[in-house]
Every structure is written in C-alpha cells, then in structure tokens.
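K.L.:
To start, I am sharing the structure in question, which I have written as structure tokens.
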Amino acid sequence: QPAPSQIFPAGTRPPAAGLTAASLPPPAPNTAAAPATNSQLATLVAATRDAIRRSDFATAEKTIAEAERIDGNAVLELRAELKAAETKRNGRVTDLVTGARRSTAQGDLTAAERALTEAKALSGNTPEIANAHAELERTTAERARQDGEIRTVAASADAAIARQQYADAERLIIDGTRRYPSYAGWADLSRRLAEARRTHERNLMLVGKG
C-alpha cells in the first residue's frame, strides 16, 4: 500500500478516514465576476434607453448587441422598445414629408423647408426626403424666375404710366394679372393708372377751356 505522501502532494493533508479525494465537495464557485457582469448589463440597458429617447437608433442597436452577449433574454424588452420608437419616428417623418409637399404645392416654401429640416434631423436624408427636397428646390427656382418677371412687367407698367402711355400701361397690367394672378401689386398699379388718366383728362379739359 502506497504511503500517503505518494497520493497527496507535499504540504497537503490527507482526507479524514473514510473519505477519498473524489468524495470531497467541489470547491465553491467563483462569484466575483457576477456583480461586474450585472453592472455592465445595467449600464448597457440604461445607455440603450437613453439612445432610444434621443432617436439615436444606430447607437441603440449597438448597445443592444453588446447586452445580448451578456444576457440574451435581457434585451427582448429593449428590442420591443426600439421597434416601437422606430415605428413612431417613421410615422412622424412620413407626416412631415407629406406636409412639406402640401406646403410646396400651396406656395408656402418656408413651411416646406422647415418640415423637411425636421424630417432630416429625425431620419437623415432618406430617398423620400431627398425627393421632396428636390421638388421644393424646383418650386423655389420657379418662384424666383416668376418674381423676376413680375418685377420687370410691373416696372414697365409703372414707367408707361409716368410717360402717360396709358394704353401700354393697361396692356401690361392686364397681361401681368393674367399670367401672375397671385401678385397683389396689380391692383395698386391699376389704381394708379386710373388716377393718372383722370388727372390727364382734367388737365386736357382745363387746357380746352383756357
């Protein structure tokens, strides 16, 4: 029979009588890492919810993936929260783009630009937003061209009134009103033309009487 020193390394004691090494209880598990893991998971959950609140969904996806490596079950609720937030965001973006297109069609270009700026801040420059912005830019360019033509016609009518070329002024005003009916300045030019004609006619009558 081998001596105890041949079975147990030096510096250790043999088990009590009747016990073998195999029958000894297993060593206590090392739980030192568990608190650190739980703390890391809690940090990732908090960071995910903060990212969702800020609509930073790319960051939320990243922190969810990190949390999933620690505890896959812990991220189920986070994924549901992220999906709900994305659905809400997408609905808001759709409403903003629809409103921007409506404002563009109605000529309220400032409101259209404001809506698209908010949509882009929420979702980036998606194809839907880019298309709506292209429509706005075309309408803005057309508005600028029309404004230039209106100013030219109105200035010509004003100059014709000053030269007492009333027939020419009337023709310009009628043409401008037909082409650009939304311009409020035609009414003022028509009023000034009528006053100039009355003054001219009174002057002619006075000359005739003299």
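K.L.:
At 25 °C and a viscosity of 0.890 mPa s, what translational diffusion coefficient does Stokes-Einstein give for region 89-149, taking Rh as the Kirkwood radius over Cα pairs? Give it in µm²/s as a whole number.
P.N.:
It comes out at roughly 214 µm²/s.
K.L.:
Taking the Cα atoms of region 96-210, report the difference between the largest and smallest coordinate on each principal axis, in whole Å and largest first.
P.N.:
Answer, in whole Å and largest first: 79, 18, 16 Å.
K.L.:
Using alpha carbons only, how many angstrom separate the centre of region 77-149 from the centre of region 151-188?
P.N.:
37 Å
K.L.:
What accessible area per residue comes out for region 34-110, rounded to a whole number of Å², with a 1.4 Å probe?
P.N.:
On a per-residue basis, region 34-110 sits at 60 Å².
K.L.:
Quick one: net charge around N131, please, counting Lys, Arg +1 and Asp, Glu -1 for every other residue with C-beta under 13 Å from its C-beta.
P.N.:
Taking every Cβ under 13 Å from that of N131, the sum is 0.
K.L.:
For region 61-101, what does the convex hull of the Cα positions come to per residue, in cubic angstrom?
P.N.:
46 Å³
The values are calculated or read from the model by the stated rules, or taken from the named source; none is laboratory data. As the structure is a computational prediction, the values presented were derived from the model and not from experiment. Note: ideal-geometry Cβ built from the backbone for every residue, glycine included; neighbour counts use all protein chains shown. Only protein heavy atoms, including side chains, enter the accessible area calculation; ligands, DNA and RNA are left aside. Shrake-Rupley method; radii C 1.70, N 1.55, O 1.52, S 1.80 Å.
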